[in-house]
Amino acid sequence: MKLASLKGGRDGRLVVVSNDLAWYSPADRIALTLQAALDDWERCEPELRGLAESLEHGSVPQARFHEHDAASPLPRAYQWADGSAYVNHVALVRQARAADMPDSFWTDPLMYQGGSDGFLGPRDPIPLADPAWGCDLEGEIAVVTGDVPLGASREQALAAIRLVMLCNDVSLRNLIPGELAKSFGFFQSKPASAFSPVAVTPDALPNFKDGKLHGRLEVELNGQPLGEADAGVDMTFDFGTLIAHAAKTRALGAGTIVGSGTVSNRGPDGGPGKPIADGGVGYSCLAEVRTVETLLGGAARTPFLKAGDRVRIQMMDARRHSIFGAIEQDVAGR
């Protein structure tokens, strides 16, 4: 089942989307918003599935689904907790900052609590007031949970996953070192993120297995391939582990979003991956590109995002059909 929120009001208008992303049917008779459906999932889920089946058969009112009309599936959320499940990415970014990486990072997930009071839509521009802040894209996978009890096990956490979607976790790289030096975490360096036009239930994703979404995350910058890393490879912590980590000392409310962190694959030799042009799978963020350039050539050559740049993030199925729709954003200057 595929769900989306059409723009309108702060929380959007819930619709069910056809498997081919061509059509939608309003779900307002079941729940006005996705958050309302998540709050009453036991009742709403079977009704939404029935509507989705009727949509596939053409037996309910339908209209063309246009991705630019969609907000992020949850235009705002009670909680947005972003992990860093691909430790290869953590190692590279810390190397770029000349920061040591403790061994515990391989056994204890990193996670920060991001701003969730308003997300960008998948086709909304990325606002950038100052290019000196070092604006970066980050291609990620994210899940939306139902209620998760305090101290949940990995198995309970996996059972609580309601939806899967893609994410562009925008980062202001040049603000990060100063914030982390205060030992109090990210804030200004993590502006609003964007999510894919459509969120998908795990059962509709044959490539979602053991808490990981397998498949190439295709990232483009200005129409050129930047990355096609497999989201199921080199993911040190699966989503069950990430959610259980978040719930260690607190219960998580329905509608909590948990992110994977930047999708990142190692090279065949266990080191940094290669650019696509050199036969590798590339990168899901510019920080990794710049780090590899520094390691190989002594200096970063690729600039961070600037006004006019365009970012595109999507995942295709085996028939090259878009699964979640595309995040496609232009960078807008002041």
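For the reader, a short list of remarks on this structure follows.
- Cα-Cα separations in the chain greater than 26 Å, expressed as whole percent: 45
- Counting only chymotrypsin sites (Phe, Trp or Tyr not before Pro) that DSSP places in a loop and that have at most 16 other Cβ atoms within 10 Å, the longest clean stretch of the chain runs over 188-334.
- Apportionment of accessible area to carbon and sulfur, the chain, percent (1.4 Å): 51
- Size of segment 58-147: Rg and Dmax of its alpha carbons, in Å, are 17.9, 59.
- Rounded to the nearest 20 debye, the dipole size of the chain about its Cα centre is 500 debye, using +1 on the Cβ of Lys and Arg and -1 on the Cβ of Asp and Glu.
- The Cα center of segment 150-222 and the Cα center of segment 24-54 differ in position by 24 Å.
- Coupling constants for segment 9-17 follow from the phi torsions by the Karplus curve (6.51 cos²θ - 1.76 cosθ + 1.60, θ = phi - 60°), and in residue order they are x, 6, 10, x, 10, 5, 9, 9, 10 Hz; glycine and proline get x.
- The dipole here belongs to segment 1-75: it is taken about the Cα centre, uses +1 on the Cβ of Lys and Arg and -1 on the Cβ of Asp and Glu, and is about 240 debye.
- Charging the Cβ of each Asp and Glu at -1 and of each Lys and Arg at +1, and nothing else, the dipole of segment 1-130 about its Cα centre rounds to 340 debye.
- Cα gyration tensor, segment 124-197 - rounded (a/c under 1.5), prolate or oblate: oblate
- Counting only protein heavy atoms and using a 1.4 Å probe, the accessible area of Lys306 comes to about 110 Å².
- Sites Ser54 and Asp203 - FRET efficiency at Förster radius 22 Å, r taken between beta-carbons, to 0.05: 0.80
- List Met1, Met316, ordered by accessible area with a 1.4 Å probe, largest first: Met316, Met1
- Straight-distance crosslink candidates among lysines, where the alpha carbon sits under 27 Å from Lys182 and sequence neighbours closer than 8 are dropped: Lys190, Lys248
- Estimated from helical segments only, the mean residue ellipticity of the chain at 222 nm is -5500 deg cm²/dmol, where each DSSP H run of four or more residues counts as -39500 (n - 2.57).
- Residues considered: Arg320, Arg173, Arg76. Largest GNM mean-square fluctuation over the chain, using C-alpha springs under 10 Å, is found at Arg320.
- For the pair segment 278-334 / segment 77-144, the C-alpha centres are spaced 14 Å from each other.
The values are calculated or read from the model by the stated rules, or taken from the named source; none is laboratory data. Since the model is a prediction, treat every value here as computed from it, not as a measurement. Virtual Cβ from ideal backbone geometry, glycine too; neighbours counted across all protein chains shown. For accessibility, only protein heavy atoms count, side chains too; no ligands or nucleic acids. Shrake-Rupley method; radii C 1.70, N 1.55, O 1.52, S 1.80 Å.
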